[in-house]
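Following: one structure in structure tokens, then a few remarks.
The values are calculated or read from the model by the stated rules, or taken from the named source; none is laboratory data. Everything numeric in this text was worked out from a predicted model, so none of it was measured. Virtual Cβ from ideal backbone geometry, glycine too; neighbours counted across all protein chains shown.
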Amino acid sequence: MTLSEYLKEQGVDDALHSIFMTLKEAVASIAEAIKISDKGKAGTENIYGEEQLALDVLSDKILGELFKKNEHVGLVASEELPDEMSVGEGEYAACYDPLDGSSLADVNLAVGTIVGIYKTDTFVGVKGDDQLASMIAVYGPSTTMILTVKKGVVKFQMDDKGEFVMCKSDIQVGEGKMFAPGNLRASAVREDYLKLVNYWMKEQYTLRYSGGMVPDINQILLKGKGIFSYPGYGDTPDGKLRILFECAPMSLLMEQAGGASTDGKVRVLEKIVERLDQRTPIFIGSKEEVKRCEEYLG
Ligand code: AHM
Ligand code: MG
């Protein structure tokens, strides 16, 4: 089943369908951009400048230009732009991290795109629960999209013609011993986080941490178990990851798959976005693990 067929089967409106067609085009182009930039590393420094930055900017440009062409999208916000940007009259709004974990691209580790879809004329004041859909794309050995239109979670894989074909339906996250402990630096000053990580180690959880939130969350969704954590500490009590561009779209996917996501006290999807770059601590994955995080850190 293709992405288009799936969306029609789910009864999404023409506008949202068209937005996903734009996304599929963007993901295919970004996948190509990543490949070319790796190949050209030795000889193309003059054109691309600092490579990671070039890839971030390029991915951002690809998404921005394609959304501008889509009549249903009126507003975009990107992790790479200083402010939200009106792009037309459409009632839909898209926010995205065009290439999350881009510093991993030069060592050929997986990177990803994160997108949240809303109906709003400003992202200030929205909360993750307001999303109508969300998606992560992973650029690894294959290019894949995991998405939700709030009717469960499904995975598509790009074929050689740039078509996205469903390869997993009804993705479910249950329980199991796998952990991706982000920002371990915090455990040097936070006794509670150290205790939590020690619990996972003593219980012989499998460590699966890539340094990219997209592949890490992708893994939890596809293995159907595990926990990803990124607490704050010291001068950055809210950590590094942004609600709008990273945490809300991921949290919608996780909850739709039967998992959970919290900042330690509050569901991430309930948190109001007061500033576009607002950050939040996040503990996301299997329900029981998220509960454990709240118990240890709340
Ligand atoms: P980015 O948006 O600048 O790429 O940063 C986000 C990434 C996440 O994918 C990952 O989980 C996190 O940064 C890792 O951060 P750090 O290496 O600082 O622990
Ligand atoms: Mg990011």
Inspect segment 123-135 for any residue being surrounded by fewer than 21 Cβ atoms within 10 Å (Cβ to Cβ), at pLDDT 95 or above and of a type in the set (Ser, Thr, Tyr) and give the result as yes or no.
no
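Table: residues versus (1) of a type outside the set (Ser, Thr, Tyr); (2) not assigned by TED's automatic domain parsing to the domain that holds GLU25.
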site: ALA105; (1), (2): yes, no
site: ASP121; (1), (2): yes, no
site: MET135; (1), (2): yes, no
site: THR148; (1), (2): no, no
site: GLN157; (1), (2): yes, no
site: PHE164; (1), (2): yes, no
site: VAL173; (1), (2): yes, yes
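Among the residues of segment 94-144, how many are among the hydroxyl-bearing types (Ser, Thr, Tyr) and away from ligand 2 (no atom under 16 Å from the Cβ)?
At the first step, the residues of segment 94-144 found to be among the hydroxyl-bearing types (Ser, Thr, Tyr) are 96, 102-103, 113, 118, 120, 122, 134, 139, 142-144.
Restricting the remaining residues to those that are away from ligand 2 (no atom under 16 Å from the Cβ) gives 118, 120, 122, 142-144.
Going through segment 94-144 one residue at a time, the tally reaches 6.
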Qualifying positions in segment 19-38 - touching a strand residue (DSSP E or B) at 6+ places or on another chain (Cβ under 9 Å) and under 21 Å from GLY88 (Cα atoms):
ILE19, PHE20, THR22, LEU23, LYS24, ALA26
Are any of the residues in segment 221-231 in contact (Cβ under 8 Å) with a residue 12 or more places away in the chain, surrounded by 14 or more Cβ atoms within 10 Å (Cβ to Cβ) and polar (S, T, N, Q)?
yes
